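One structure is given here, and the rest of the page talks about it.
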Amino acid sequence: MTREDDAMMDAPQINNPKPEELFNVNYLRIYYGNLFPYTDIHKWLSYGHDGKHPGCDEYYFGRREFSFTLENDVYLRYKSFKTASAMEDAIKSHFPYKIDIGAVYSVDPDKRHAYSQTGTNVFTPVERELVFDIDITDYDDVRYCCSGADVCSKCWPLMTVAIKVIHTSLTEDFGFKHILWVFSGRRGVHCWVCDPKARRMTNEQRSAVAEYFRVYKGNENNARKVALMGYSLHPFLARSYVDYLKGFFEGELQATQSIFSSREKYEKILEMISDEDIQSELREKWENSARSSLSEEAISLVRWEQLKNTLQSKKHKAPILRMCVEEIVFTFTYPRIDLEVSKQMNHLLKAPFCVHPKTGRVCVPIDPYNCDEFDPLAVPTLSQLIEEINSGGSRMDVDDDDSDGSLLGKSIKFFRSSFLEPLLKLCKEEIESSYKTKIAKSKDSFSW
Amino acid sequence: MEVIRSQKRTPTNDTVSNPKLPLYFTAPTMEVRLEEFELFAVHRLRVLKGVSDGLARGRNPKEMDETVDTLWRDHMRDPDASVMLNKDIISHFVLRLVYCRSDELKKWFLSMETALFRHRFRLENFQTQRGIVGEFGLPYKAVTGAELEGLKEKLGQVVRSLGQISPNVDAVYYKVPFEEVPDLVATRRVLIQKGYAFVAGSQLVSLVVTQFRAHLSKALILTNRKWTTTIQEREKDRLTPIVEALSTSYVGPDYSQSSEFAEITLKDIDQVAKTSFPLCMRHLFDKLRDDHHLKHGGRMQLGLFLKGVGLKLDDALAFWRAEFTKKVGSERFDKEYAYSIRHNYGKEGKRTDYTPYSCQKIISSAPGAGDHHGCPYRHFSEDNLRAALGRMGLSSRGMEDVMDKVRNKHYQLACTLTFEAVYGTSCDAGINHPNQYFEESQKILKSKTPSAPV
């Protein structure tokens, strides 16, 4: 059961190529045959357990769950592979539309039934990256350019801000260093936190981190979606507000969404002010303002200033108004994470470098430090990659260091240099030091 | 612990450093009379049940402190401190036996014992509290000097964010890996920097409770192993029957099987939704009829409830299909949604027969954008709740009573008052479960129309 099923109808795509031109089994065959980075995925999910060091756990990769979604929605769960080539063979023989990565289990997932007979080895998840899933569809009430699964350059910046807020907290607050951000192929981003400490967290600890990020509590039956209590923002929220949210709200968001420009739009914001006098004062002002020659964006900005001034002057009227300005900014801009995905170790998440069947776009990594430059509509599509191969413009062998020029080569190179190499360096050190401790311990016990 | 039939007890009360709040690290070596074995356990169960009720009613920590204090005085206190301590320890270890025997039981016992410990700890003074921290052997050092000075501003921000006007920070802070205080992290009650949480002296309870819980959780697994391998068989004529009886007598019904009153079919579903569904379910039901769709949380909450009231799998599939196909088409329904309905009925996946959600679970859920599940008394704005109650037919006076409970966060009491207003009769047990609401309502309606065909 995936959370994707909540997506309702796909809005019709205008002027776009037909779906089968973006994505079909023949294209997929070529992609999995020539371009999918099997070795890199295997290296990543082995976390240094490559069999070269005596302290390695050579069964580590083999206990990882993979799941395939095939054509016609046939769903294969609990697949596992001993080696990189076993994984490659399975992918090449099934051509999965989607590959999901699950947890590392106590026993080989593929043989879980055999183990359950013996009764001693319980089949249970033991390690899992801390993951986050953010979907633009959850922002439908605050974007006016698209809805549902569509995204454009006007609403994508909401994702960019989400990446900045969460990434900063993961590094500054939680001290994580090995974080991978991936475009989900159509309408959102995924985040994989891979530090050893993160992978070993219990479900309770995962929930705690997820809840730390929860601000948005709104549902369809309450207009005040963000309730900030207290006399100050928690330092994490204060930093997010000052460094990212406020500037984005007053700048880019106003420019692209003009969230106060029409009655329909501003009424939604007035509802967030829990004071009817202030509501009607502002409403009156805005309804009577003569149609000026100002642009939508300028009108929107003027009204935001009026709202701020009014609230500032009435701040002391009621404690509930104290944080009202901040609440509005958070409602529109703070990341809306699908927290359930983060809370459970055994939740599946789509693998990087999969191809999204609806858009044909590859799930490429995103550089969190340059995420402003990321354009979801410029991500290479399957058909572009095939064309590149056919025209001979691409070196087929992506393992070559000189793969920078090809469409996918740049993403793979980024994956290796910014994520994989530092991660494996740490893993090797960790294996080495725990091996030394183990040796030292066994020596100790001999000497007694 | 040795259970004996004789009248005499030899209290071999070996050194316990903290006389008031034991940590239950090791089972006591003493003899216990069989009658006390059972009686003490029953007394402790009353306390745990009271804790469970208090939490279900949404009491805040302060109120829970009082609840625990009263419960303890009523059921466990003894003028002789050493007698009380023995009773405390014996009853705890007996209940470990009782509640180690299934995951469901373990989970309940673990949360209730942890809650009990939390509030008993909070009732102690700071000196005793520090003593207990010492007993756990927690290696945390207090933050001092320049490091503390450098953090003062941010620590003050945390204090103010929790609703205190002055940014006066605690005198003592401990630097702790954030993983060890999950509850403080989840509620943003601590400053976190580079993987470390700064825990105030007044928040020590969180640190200790995490330790307590982890320790008890492990111990229960071991107890379970001992129980299944030796004790159960060895004690089959003596302790086993007592232990088995104790666990069933106090855990309420889980409504996974529909009761005698409940057996509904597709043709009466609209009728009973109107007459007997609690507000949370009625709202989901109406939304489904209007929108022909519900998001995941709503499908789970309503779907399992309907299973509990006796909607058979085939009828359930037909019911959901009729609505969803209007929006997504029957092909997509069969592909994407039918599976999870069969899953709820234990026909797919792990094949667990899932139980309907209790009020506690629904109240603590967190509906997000586009969601309609959750508890209306907790998750609706005041205006929306008033409108919904109006549709239930509440008078303005009845409504004010309900709103009063809502403002004090007594969501289940608010629901109980709604029940009483709708059916014009009292409901002393209180509402703890949507399916209980349904059954009570059916009982009342059936008694009013005895001639109705069943």
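In the stretch B:138-157, is there at least one residue being touching a residue at least 40 places away in the same chain (Cβ under 8 Å) and closer than 30 Å to residue B:72 by Cα? Yes, there is a match, as at least one residue in the stretch B:138-157 is touching a residue at least 40 places away in the same chain (Cβ under 8 Å) and closer than 30 Å to residue B:72 by Cα. Just one residue in the set B:425, B:416 is among the hydroxyl-bearing types (Ser, Thr, Tyr) and surrounded by fewer than 19 Cβ atoms within 10 Å (Cβ to Cβ); that residue is B:425. Each residue in the stretch B:99-108 was checked for being open to solvent by less than 10 Å² (accessible area, probe 1.4 Å) and either closer than 22 Å to residue B:21 by Cβ or among the acidic types (Asp, Glu) (or both), and 1 pass.
Can we say residue A:184 is in contact with a strand residue (DSSP E or B) (Cβ under 7 Å, 6 or more places away or on another chain), on the phi < 0 side of the Ramachandran plot and polar (S, T, N, Q)? Yes: the conditions hold for residue A:184.
Here residue A:126 meets each of (1) assigned to a strand (DSSP E or B); (2) buried (at least 18 other Cβ atoms within 10 Å of the Cβ); (3) over 12 Å from the mean Cα position of the chain (by Cα); (4) of a type outside the set (Ser, Thr, Tyr) with one exception, condition (2).
Taking the criterion of being closer than 28 Å to residue A:382 by Cα, part of a loop (DSSP other than H, G, I, E, B), more than 12 Å from chain B (Cβ to nearest Cβ) and under 17 Å from the mean Cα position of the chain (by Cα), would at least one residue in the stretch A:154-175 satisfy it? Yes. Residues of the stretch B:123-166 that are within 34 Å of the chain's Cα centre (by Cα), within 12 Å of chain A (Cβ to nearest Cβ) and surrounded by 11 or more Cβ atoms within 10 Å (Cβ to Cβ): B:154, B:155, B:156, B:157, B:158, B:159, B:160, B:161, B:162, B:163, B:164. Sub-8 Å Cβ pairs linking a first residue in the stretch A:134-150 that is buried (at least 22 other Cβ atoms within 10 Å of the Cβ) to a second residue that is acidic (Asp, Glu) and assigned to a loop (DSSP other than H, G, I, E, B), at least 6 apart or interchain, are A:134/A:338; A:135/A:338, ordered by first then second residue.
Using the structure shown, decide if residue A:206 is open to solvent by less than 10 Å² (accessible area, probe 1.4 Å) and at pLDDT 95 or above. Taking the combined requirement at face value, the residue satisfies it. For residue A:248, are the conditions met, namely being away from chain B (no Cβ under 14 Å), crowded, with 20+ Cβ neighbours inside 10 Å and in contact (Cβ under 8 Å) with a residue 12 or more places away in the chain? Considered against the rule, which asks whether it is away from chain B (no Cβ under 14 Å), crowded, with 20+ Cβ neighbours inside 10 Å and in contact (Cβ under 8 Å) with a residue 12 or more places away in the chain, residue A:248 comes out as yes.
Condition check ((1) open to solvent by less than 20 Å² (accessible area, probe 1.4 Å); (2) not in a loop (DSSP other than H, G, I, E, B)) across all residues:
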residue: A:312; (1), (2): no, yes
residue: A:329; (1), (2): yes, yes
residue: A:332; (1), (2): yes, yes
residue: A:346; (1), (2): no, no
residue: A:352; (1), (2): yes, no
residue: A:369; (1), (2): no, yes
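Scanning the stretch B:184-203 for residues that are surrounded by 22 or more Cβ atoms within 10 Å (Cβ to Cβ) and more than 12 Å from chain A (Cβ to nearest Cβ) turns up just one, B:199. Being buried (at least 21 other Cβ atoms within 10 Å of the Cβ) and either β-branched (Val, Ile, Thr) or free of Cβ contacts under 8 Å to residues at least 24 places away in the same chain (or both) is the filter here, so list the residues in the stretch A:254-269 that pass it. Correct list: A:259 only.
Residues are listed down the side, and each one gets a yes or a no for (1) open to solvent by 30 Å² or more (accessible area, probe 1.4 Å); (2) in contact with a Leu (Cβ under 9 Å, 6 or more places away or on another chain); (3) assigned to a helix (DSSP H, G or I); (4) under 16 Å from residue B:284 (Cα atoms):
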residue: B:373; (1), (2), (3), (4): no, yes, no, yes
residue: B:398; (1), (2), (3), (4): no, yes, yes, no
residue: B:405; (1), (2), (3), (4): yes, yes, yes, no
residue: B:412; (1), (2), (3), (4): no, no, yes, no
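From the list A:206, A:239, A:214, A:186, the lone residue that is in a loop (DSSP other than H, G, I, E, B) and within 12 Å of chain B (Cβ to nearest Cβ) is A:214. The single condition from (1) modelled with pLDDT of 85 or more; (2) away from chain A (no Cβ under 14 Å); (3) farther than 26 Å from residue B:377 by Cβ that residue B:337 fails is (2).
The values are calculated or read from the model by the stated rules, or taken from the named source; none is laboratory data. As the structure is a computational prediction, the values presented were derived from the model and not from experiment. A quick note on method: Cβ atoms are made from the backbone with ideal geometry, for glycine too, and the neighbour counts reach across all protein chains shown. Note: areas computed on protein heavy atoms with side chains; ligands, DNA, RNA excluded. Shrake-Rupley method; radii C 1.70, N 1.55, O 1.52, S 1.80 Å.
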